[in-house]
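Below is one structure, written out as structure tokens; the observations come after it.
The values are calculated or read from the model by the stated rules, or taken from the named source; none is laboratory data. Nothing here was measured: the structure is a model prediction, and the numbers come from that model. Glycine gets a Cβ as well: all are built from the backbone with ideal geometry, and neighbour counts include every protein chain shown. With ligands, DNA and RNA removed, areas are computed over all heavy atoms of the protein, side chains included. Shrake-Rupley method; radii C 1.70, N 1.55, O 1.52, S 1.80 Å.
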Amino acid sequence: MTANAAPQAAGVSGGAGVPRHVAIIMDGNGRWAKKRFLPRVAGHRAGVEAVRRAVKAAPRIGIEVLTLYAFSSENWKRPADEVSDLMGLLKHYLQSEIDELHENGIRLKFIGDHSRLSAELVKLLQKSAERTAGNTRMTLVLALNYGSQDELARAVRGLIADGTPAEQVTEEAIAARLDTADLPLPDLIIRTSGEQRLSNFLLWQAAYAELAFTDELWPDFNEASLQRLVDEYLRRERRYGGL
Ligand code: IPE
Ligand code: IPE
Ligand code: MG
């Protein structure tokens with residue numbers, strides 16, 4: 001197992017500026033399928049292949065944390081069949097990939113409210129996280145039944161339930177209660193499929209993240225797509241409100 005490799009970038013050299021944490025809103029599976037006159041589930045299946053590619057590519061680029069938005073707290077509005085297809089694919093992905101992820105030094109982590117997921121799936125998530133907890137090559141974070149507003153509401157409820165006095169409800173105290181408390185903030189948030197919105201993803205954490213939008217549909221996303229967006233990120237200047 002190698003440590004984070006230097007970027008094999010075509011173009012930009014040097015490892016210092018590589019985004020530590022890249023978060024992706026994987027969008028466009030349905031449109032990918034529609035273009036091919038296929039059912040939406042075929043788009044989601046092709047989306048899983050794109051996940052496999054991204055998870056292989058990210059540590060090669062030197063990314064430490066890759067967060068993937070897999071199912072939002074609003075995605076329950078979709079037809080029951082599609083929700084069940086998505087849950088089934090997720091379960092299948094974890095079951096079939098866990099050995100390889102573990103061998104490749106990937107630590108798995110899950111964010112979101114898991115109280116609405118099936119007991120079987122929750123068990124699988126716990127098992128996968130526990131088994132890979134000691135891995136250090138890259139952290140793969142899957143956002144499942146994740147919504148940023150729900151995450152913030154849960155954080156504040158936790159502070160109140162613990163009797164936190166008002167003056168101790170600081171930015172740090174809130175951040176420490178978020179699902180992402182133990183992760184670096186996202187440096188780069190990518191959305192595929194041409195939509196330019198965050199759809200309730202990492203709203204607090206995105207305060208100073210760089211945003212990148214690509215017209216590619218998620219099932220078409222590959223290592224070159226990720227490398228190109230990272231290269232674009234490396235050319236940006238981050239200011240955090242300063243000069
Ligand atoms: C993203 O693709 C996958 C999930 C939201 C789980 P979509 O299913 O949203 O695809 P489009 O936006 O309909 O093309
Ligand atoms: C965002 O995509 C959620 C995920 C990628 C899991 P959506 O397709 O659900 O977002 P909207 O509805 O277009 O904003
Ligand atoms: Mg969509």
Only helices counted: for the chain, with every DSSP H run of 4 or more residues adding -39500 (n - 2.57) and the sum spread over all residues, [θ] at 222 nm is -13500 deg cm²/dmol
With a ≥ b ≥ c from the Cα gyration tensor eigenvalues, square-rooted, and the rule rounded for a/c under 1.5, otherwise prolate when a/b > b/c and oblate otherwise, segment 134-243 is prolate
Candidate cut points under chymotrypsin sites (Phe, Trp or Tyr not before Pro) in segment 7-111, DSSP loop plus at most 16 other Cβ atoms within 10 Å of their own Cβ, are F37
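Rounded, prolate or oblate, given the Cα gyration tensor of the chain, with a/c below 1.5 counting as rounded? Intermediate results must be reported in sequence, preceding the final value.
Working: a/c = 1.35, a/b = 1.05, b/c = 1.28.
Rounded, since a/c falls under 1.5.
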Taking every other residue with Cβ under 13 Å from the Cβ of R36 and scoring Lys and Arg +1, Asp and Glu -1, one gets +4
Heavy-atom accessible area of E167, protein chains in place, probe 1.4 angstrom, given in Å² to nearest 10, is 140 Å²
About its Cα centre, the chain carries a charge dipole, from +1 on Lys and Arg Cβ atoms and -1 on Asp and Glu Cβ atoms, whose size in debye to the nearest 20 is 500 debye
Given pairs K35/K123; K77/K123; K77/K109; K56/K91; K34/K91; K35/K77 and cut-off 28 Å on Cα-Cα distance, the over-length ones are K35/K123
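Do any trypsin sites (Lys or Arg not before Pro) in segment 177-230 lie in a loop, going by DSSP, with at most 12 other beta-carbon atoms within 10 Å of their beta carbon, and if so which?
On the way: sites: R177, R191, R197, R228; in loops: R197.
Sites meeting the loop and neighbour criteria: R197.
Just in segment 143-236: which chymotrypsin sites (Phe, Trp or Tyr not before Pro) are loop by DSSP and have at most 15 other Cβ atoms within 10 Å?
Values: sites: Y146, F201, W204, Y208, F213, F221, Y233; in loops: F201, W204, Y208, F221.
Listed in order of number, the matching sites are Y208.
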Diffing segment 218-230: the Karplus 3J(HN,Hα) column from phi (6.51, -1.76, 1.60, θ = phi - 60°), in whole Hz with x for Gly and Pro, holds 3, x, 8, 6, 9, 4, 5, 5, 5, 4, 4, 6, 5
Expected vector for segment 181-191, Karplus 3J(HN,Hα) from phi with 6.51, -1.76, 1.60 and θ = phi - 60°, integer Hz, x for Gly and Pro, equals 3, 8, 10, x, 5, x, 8, 9, 10, 10, 10
Sorted list, accessible surface of protein heavy atoms, 1.4 Å probe, largest first, for K109, K123, K56 is K123, K56, K109
Shape call for segment 22-164, from the Cα gyration tensor axes a ≥ b ≥ c (a/c under 1.5 means rounded, otherwise prolate when a/b beats b/c, else oblate), comes out oblate
Within segment 179-203, the residues whose backbone N lies under 19 Å from a label point placed 7 Å from the Cα of Q149 along the Cα-to-Cβ direction are 179, 196-203
Given backbone amide H placed at 1.01 Å from N, residues whose amide H is under 5 Å from that of M26, ignoring those fewer than 5 places away on the same chain, are Y69
Each label sits 7 Å from Cα toward the beta-carbon; between Q95 and E171 the label points are separated, in nm, by 4.5 nm
SASA check, H102, accessible area w/ 1.4 Å probe, all protein chains in place, rounded to nearest 10 Å², comes out at 60 Å²
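Where only protein heavy atoms count, and the probe is 1.4 Å, what is the accessible area per residue for the chain in Å²? Write down the numbers at each step before the final one.
Values: 12160 Å² over 243 residues.
Value returned for the chain: 50 Å² of accessible area per residue.
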